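Asks: What follows is a structure written as structure tokens; I'll ask about it next.
Taken together, the values in this text are just the output of simple stated rules run on the coordinates, not laboratory data. Since this is a predicted model, take the numbers as computed values, not measurements. Cβ coordinates were reconstructed from backbone atoms using ideal geometry, including for glycine residues, and neighbour counts include every protein chain displayed.
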Amino acid sequence: MSITTVKPTKPWAATPIDRAITSLSIILGLATSVLVVALTPMKGKLAYFFVFYISWIIIDSLLMYRKIGGKGVRDGLAAKITLFGGILVMMAVTSILWATISRGLKGINTAFLTQTMHSASLFDPIGKGGILHAIVGTLMLIAIAIIISVPMGILTALYLTEIKGKASGLIQFLVQAMSGVPSVVAGLFIYAAIILNTPLRSSAFLGGLALTILMVPTVTRTAQEVLNLVPRDLREAGLAMGATQWKTVALVVVPAARSGLITAVILGVARIAGETAPLLFTVGVFDNYNFNPFKGDQGSIPTVVWRGLLGGTPESIQRAWSAIFVLLTIVLIMFVLARTLGSKAMKK
Amino acid sequence: MSVAAPTKIAPQARVITTKPRVSDQIFRGIVTAFSFSALVILSLIAIFLLSKGYSTLREQGLGFITHFEWVVNVDDAGVESAHFGLQAMLLGTIVISFIALFIAVPLSVLTALFLTFYAPNVIKKILVSVIDLMAAFPSILYGLWGFFVLMPMAEYWAKLLHKWLGWIYIFDVSQPVFTRSPFIAGIVLSVMIIPIITSVSREVFSQTPLDRVQAAYALGATKWGMIRAVVLPFGAGGVVGGSMLGLGRAFGETVAVFSVLNIVFRTNFHILFTQGGNVASMIIQRWGEAGKKEIGALMAAGLVLFILTLAVNFLANAIVTRTVKSGR
Amino acid sequence: MTNSETGSINQNGTQMSEKENAKPSSLSDVAANRAEKKVAGTAPLGTGLEARGVHAWFDKHHALEDVSLDFSAGTVTALIGPSGCGKSTFIRTLNRMHEFIPNTSMAGQVLLDGRDIYESGIDVTKIRLQIGMVFQKPNPFPSMTIGENVLSGLKLAQLKVANHDELLEECLTRAGLWTEVKDRLGAHAGGLSGGQQQRLCIARALAVKPKVLLMDEPCSALDPGSTLRIEETISQLSKSMTIVIVTHNMQQAARVSDYTAFFLSDGGPGQMIEMGPTNEIFSRPRDQRTENYVTGRFG
């Protein structure tokens, strides 16, 4: 019995006629939208888009009705409406990114990135003064937050994944509760607890403390997920060799989860890098470098943006956009880093 | 002659005790201590806010939450007398948060459905990354974007809404000023909470048991029919939980709201009109010039906000854990 | 095939006791018993289901090769063979469920009443109404009541029916579940036992009046008592529709089917080796591989 090679087919795939109908309905939809917008007082790109989408839905449904009937049209409608949701979300993000890049780039120059504001004011024209002090300040804040929240976060995650003690349910609940603390409350708390009760005043250190409250839950949650991915066999192998639990954790589990833990830290940093409200209570604003983290106000990128926005003049607003551009670039870099490290962790 | 059957003695489990080595005891001790730091911190927050806000709460009593006035009077002698009532701002918080939910929940559910059931692989990966990125945007960025990019467009929509639907109470305005309104704040908030609602919804939708999905298809259901019959009933709990997480986030938003909302201490349900506020942004607004008495009141306001967000998040997490993680 | 006992057979009882008394000693005896008892089908529906040269691929992997089978109306055909030889894949090409898995393709034709169900322009959801399926693990919709479950197919297809209650009773009776649930149609489906759930799924499939019922190892997750009940149901149903049942259990195939097809894969794509009347397959198989399998030398 000889079998001639039979080719695999997909009889359920869209036929050329289906595709032609879809193209036709798109074209007709575009035509309708141009017509409608021209004839009515609607204006703007969004108007074009909405009219196009609605007319496309109607036209496509009409054209396909004969082939697939009412049920099929409803099914197609669901597909188109969910697609619409996705498109709207994409449009929002694109709009935000585009605004940041197009408006922010204008104010970026060497001065902006290498000078401070100590001899310039927000209202001066661009080219005078820069935000280097704010970049340094933000980096200091991030460093302090990392120093405190990484041990806290990872150790808490270790409790939940390695020790699994009786308090695990409570601790899990508390971590989740902490992730809901509003940023303004974190700032208020540090103010109330420390500034009102001790001689300490606004400083990077206090800002770092406030940011820690916001960072720890993120670090804990991600670290927990990553540590849970480490296979049980690894732990059992360590214990079977006679190692104590802490040695197993320190020398086997943590290294195995290393890239994932770094991801957890990076995500935590991304979370707090742009926080403004807590800084207003605990760090203040400053126009120059301040290398003492325990004393004196600090500049930071978010407060530069904040003041620029409140300033109201074109120059100050331009500084705000350029500063947020720098901040967004930092966040984006961390995001990509976290992604690549995270996927390496998953692959292992 | 009968032989009694030997009495059976039920075997007893041996009690195995392992005394951990000293180094392990220290290890466990340190780890446990650090883990309780979360408890410590949360308690401290409550304690300190309460201690600073206590006098205000004692003076105003329940009126702190229910009254509408927030005035500080300093007479010539420097004596402050004040009346602090948070009601307007609490209502304002709820108004803009619900506008945000109203927009964000349908959009998020649609997007989650699209990602789980319709999107081709490439588009899915891109859109998922984009949404994760959105979650990392700083809130001040949303404030800037909301004020400079969104507001002109939203003002136009508000005018349209007022023109065609102005007869409905919430779309009516006392004066035709449409900038910096609860409507706009709600839109900005909705964009901020879409990522969390979408990702929770997506997680629960993707866990829909395959056998039920196949059962629906085998009965001749279309994809939408299957989604309605199987996915949505299964995922409803997760969507609710995710929405509440978004709500909790919206309650506490500060700088984004401050940028696009004209904070006025009056209850305002005319959402298109330029007047509103929420507790968090009110605290920021009044902080700069606050005297000692007012600082106490703002601390109390912070405490109220803290308790409110804690409650919402607790409920949200309970729902999410029950419906999403356990894979009902 | 004789049907001399037509007059004396009542739905369930007589067949049961005769099966017990016969105490067959081999599969072929079981099959022979069944062949004798089969009652001539009443008004068979249409011309049945026919597969012609069906192939199936998962991505590039050729899983099923050149299967041609003719399922006559009003018969029960069992598909047997060791795990992984393509039986489930094949049965899923019969109601176009195979295409739900991403990156799959097929070749060949499947004819229902002479018309290829893979024809372009055909409404696939209508096909699935005519070719129903019952799965290995019972899968009633937990968010619906028992009554809603049975009628769910109508709702999904938006079919109008004059009398819901009548249809409910008819389908549940045919599935052998009516007496057990008639007083609690409003209860949730999750409270039923495994065997009851599976019969509910059968009732659900029947509500849309299919011409063919495909069953993918419907009893393998159930206890022997439920299995026997469902096998009785299958015998009853075969009078008015065509049934194709995949089974790992050769005794079941012998008890329940008129025809049997044997599938095998030698490391390559699965193929249909042999098909014939059940008692012949078990007593006088033509192919050596079939004989090896039914005598238990492998699989």
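Asks: State to the nearest 20 debye the size of the charge dipole of the stretch B:88-325 about its Cα centre, where the only charges are +1 on K and R beta carbons and -1 on D and E beta carbons. Let's see the in-between values first.
Replies: Numbers: 16 positive and 8 negative charges, 51 e Å.
In total the dipole reaches around 240 debye.
Asks: Under Stokes-Einstein, with the Kirkwood radius over Cα pairs standing in for Rh, what whole-number D in µm²/s applies to the stretch A:122-347 at 37 °C and 0.692 mPa s?
Replies: Working: Rh = 18.9 Å.
The estimated diffusion coefficient comes to 174 µm²/s.
Asks: Taking each residue in C:118-127, count the Cβ atoms of any other chain within 10 Å of its Cβ, then average. What number comes out?
Replies: Details: counts 4, 1, 6, 5, 3, 7, 7, 12, 3, 1.
What the average comes to for C:118-127 is 5.
Asks: Here's another thing I want to ask about it. Helix A:16-39 versus the longest principal axis of chain A: what is the Cα-based angle in degrees, 0 to 90, to the nearest 10?
Replies: 70
Asks: How much net charge surrounds B:Met89 when only the other residues with a Cβ under 11 Å from the Cβ of B:Met89 are counted, with Lys and Arg +1 and Asp and Glu -1? Provide the component values of the computation, followed by the final result.
Replies: Details: positive: B:Arg266, B:Arg286; negative: none.
Spelling it out: positives minus negatives among the neighbours equals +2.
Asks: Rank by packing, highest mean first: peptides A:50-57, B:101-108, with packing defined as the count of other Cβ atoms within 10 Å averaged across residues. Mind showing how you got there, number by number?
Replies: Working: A:50-57: 18.2, B:101-108: 20.6.
Result, highest mean Cβ count within 10 Å first: B:101-108, A:50-57.
Asks: Further question on the same structure: If R0 is 60 Å, what FRET efficiency do you get for C:Asn163 and B:Ala311 from their C-beta distance, rounded to 0.05? Walk me through the numbers on the way to the answer.
Replies: Working: r = 51 Å, r/R0 = 0.85.
In this case the efficiency is close to 0.75.
Asks: Just want the answer: with Cβ charges of +1 for Lys and Arg and -1 for Asp and Glu, which residue in B:Gly296, C:Gly176, A:Ile59 is farthest toward the dipole's positive end in the protein assembly as shown?
Replies: Going by the Cα projections, it comes out as B:Gly296.
Asks: Quick one: net charge around A:Leu309, please, counting Lys, Arg +1 and Asp, Glu -1 for every other residue with C-beta under 14 Å from its C-beta.
Replies: Taking every Cβ under 14 Å from that of A:Leu309, the sum is +3.
Asks: Now, a different point. Skipping prolines and chain starts, which residues have an amide H placed within reach, meaning under 5 Å, of the one on C:Thr260, given they are 5 or more residues away or on another chain?
Replies: Those qualifying (amide H under 5 Å, at least 5 residues apart or on another chain) are C:Ala78, C:Gly276, C:Thr278.
Asks: For the stretch C:222-277, what does the convex hull of the Cα positions come to per residue, in cubic angstrom?
Replies: Roughly 97 Å³ of hull volume per residue.
Asks: Assuming a viscosity of 0.692 mPa s and a temperature of 37 °C, what translational diffusion coefficient in µm² per second does Stokes-Einstein assign to the stretch A:1-150, Rh being the Kirkwood radius over Cα pairs? Let's see the in-between values first.
Replies: Details: Rh = 21.4 Å.
Rounded to a whole number, D works out at 153 µm²/s.
Asks: Sketch the reach of a paramagnetic label on B:Tyr169 as a point 7 Å from Cα along Cα-to-Cβ, and name the residues of the stretch B:261-284 whose backbone nitrogen lies under 15 Å away.
Replies: Counting backbone N atoms under 15 Å from the label point, the list is B:267-272.
Asks: Just want the answer: with Cβ charges of +1 for Lys and Arg and -1 for Asp and Glu, which residue in B:Phe314, B:Leu219, B:Met282 is farthest toward the dipole's positive end in chain B?
Replies: Positive-most Cα among the choices belongs to B:Leu219.
Asks: Per residue, how big is the convex hull around the C-alpha atoms of the stretch A:273-330? Give it to me in cubic angstrom, could you?
Replies: On the way: hull volume 4.8 nm³, N = 58.
Dividing the Cα hull volume of the stretch A:273-330 by its residues yields 82 Å³.
Asks: On to the next question. Among the lysines, which fall within straight-line cross-link reach of B:Lys52, defined as a Cα-Cα distance under 17 Å, with same-chain neighbours fewer than 8 residues apart omitted?
Replies: B:Lys292, B:Lys293
Asks: If you don't mind, another one. Between the DSSP loop rule and a limit of at most 13 other Cβ atoms within 10 Å, which trypsin sites (Lys or Arg not before Pro) in the stretch C:254-299 are left?
Replies: Here the sparse-neighbourhood loop sites are C:Arg286, C:Arg297.
Asks: Moving on to the next point. Rounding to the nearest 20 debye, state how big the charge dipole of the stretch A:134-268 is about its Cα centre with +1 on each Lys and Arg Cβ and -1 on each Asp and Glu Cβ. Walk me through the numbers before you get to the answer.
Replies: Numbers: 8 positive and 4 negative charges, 25 e Å.
Taking the Cα centre of the stretch A:134-268 as origin, the dipole is about 120 debye.
Asks: In debye, nearest 20, what is the charge dipole magnitude of the protein assembly as shown about its Cα centre with +1 on Lys and Arg Cβ and -1 on Asp and Glu Cβ, if you could check?
Replies: Working: 83 positive and 59 negative charges, 213 e Å.
Roughly 1020 debye, rounded to the nearest 20.
Asks: Within a 10 angstrom radius of each residue's Cβ in A:97-105, how many Cβ atoms of other chains show up on average? Whole number is fine.
Replies: On the way: counts 6, 2, 6, 5, 0, 0, 4, 1, 0.
Counting other chains' Cβ atoms within 10 Å and averaging over A:97-105 gives 3.
Asks: Please compare each pair in A:Lys10/C:Lys239; B:Lys124/C:Lys60; B:Lys159/B:Lys223 to a cut-off of 32 Å on the Cα-Cα distance and tell me which ones are over it.
Replies: Details: A:Lys10/C:Lys239 35 Å; B:Lys124/C:Lys60 24 Å; B:Lys159/B:Lys223 39 Å.
Checking Cα-Cα distances, A:Lys10/C:Lys239; B:Lys159/B:Lys223 exceed 32 Å.
Asks: Now, a different point. Going toward the positive end of the dipole of the protein assembly as shown, with +1 on Lys and Arg Cβ and -1 on Asp and Glu Cβ, which of C:Ser120, A:Val184, B:Ser201 do you reach last?
Replies: A:Val184
Asks: Compute the FRET efficiency between A:Lys45 and B:Thr267 as 1/(1 + (r/R0)^6), taking r as their Cβ-Cβ distance and R0 = 45 Å, and round to the nearest 0.05. Intermediate values should be presented prior to the final figure.
Replies: On the way: r = 37 Å, r/R0 = 0.81.
Efficiency, rounded to the nearest 0.05: 0.80.
Asks: So what's the net charge close to A:Ser119: Lys and Arg +1, Asp and Glu -1, counting the other residues with Cβ under 10 Å from its Cβ? Walk me through the intermediate numbers first.
Replies: Numbers: positive: A:Lys128; negative: A:Asp124, A:Asp287.
Around A:Ser119, the surrounding residues sum to -1.
Asks: Averaged across B:41-52, how many Cβ atoms of other chains sit within 10 Å of each residue's Cβ atom? Don't jump to the answer; show the numbers that get you there.
Replies: Working: counts 10, 7, 1, 5, 10, 1, 3, 9, 6, 1, 4, 7.
Across the residues of B:41-52, the mean count of other-chain Cβ atoms within 10 Å is 5.
Asks: For the stretch A:16-105, please report how many Lys pairs fall under 25 Å Cα to Cα, leaving out neighbours fewer than 8 apart on the same chain.
Replies: Numbers: A:Lys43/A:Lys80; A:Lys45/A:Lys80; A:Lys67/A:Lys80; A:Lys71/A:Lys80.
Pairs that pass both the separation and distance tests number 4.
Asks: Using 0.36 nm per residue, how much length does the chain from B:Ser129 to B:Ile26 gain when fully extended, once their Cα-Cα distance is taken away?
Replies: Working: separation 103, 0.36 × 103 = 37.08 nm, distance 4.16 nm.
Gain on extension, B:Ser129 to B:Ile26, equals 32.9 nm.
Asks: Quick one: which of B:17-28, C:149-160, B:284-295, A:88-99 comes out on top by average Cβ neighbours within 10 Å, and what's the full order, highest first? Don't jump to the answer; show the numbers that get you there.
Replies: Details: B:17-28: 12.4, C:149-160: 19.8, B:284-295: 15.2, A:88-99: 17.0.
Descending mean neighbour count gives C:149-160, A:88-99, B:284-295, B:17-28.
Asks: Can you tell me what share of the DSSP beta bridges in the protein assembly as shown is antiparallel? A percent to the nearest 5 is fine. Mind dumping the intermediate values first?
Replies: Values: 30 of 49 bridges.
About 60 percent, rounded to the nearest 5.
Asks: Quick one: helix B:87-113 against the long Cα principal axis of chain B, what's the angle to the nearest 10°, folded into 0 to 90?
Replies: With rounding to tens, the tilt is 50 degrees.
Asks: Okay, next question. Test of understanding: express the Cα radius of gyration of the stretch C:185-283 as a ratio to 2.2 N^0.38 Å, with N the residue count. Intermediate values should be presented prior to the final figure.
Replies: Details: Rg = 15.2 Å, N = 99, 2.2 N^0.38 = 12.6 Å.
In units of the 2.2 N^0.38 Å rule of thumb, it is 1.21.
Asks: log10 I(q)/I(0), Debye, Cα-only the protein assembly as shown, no solvent, q = 0.06, 0.09, 0.11 Å⁻¹?
Replies: Relative scattering, expressed as log10 I(q)/I(0), comes to -0.60, -1.08, -1.32.
Asks: Tell me whether the stretch A:1-56 comes out rounded, prolate or oblate; compute the Cα gyration tensor, take square roots of the eigenvalues as a ≥ b ≥ c, and use a/c under 1.5 as the rounded threshold. Provide the component values of the computation, followed by the final result.
Replies: Values: a/c = 7.46, a/b = 4.98, b/c = 1.50.
Cα axes put the stretch A:1-56 in the prolate bin.
Asks: How much FRET efficiency would the formula 1/(1 + (r/R0)^6) give for A:Lys7 and A:Ala31, where r is the Cβ-Cβ distance and R0 is 41 Å, rounded to 0.05? Provide the component values of the computation, followed by the final result.
Replies: Details: r = 39 Å, r/R0 = 0.96.
With a Förster radius of 41 Å, E is 0.55.
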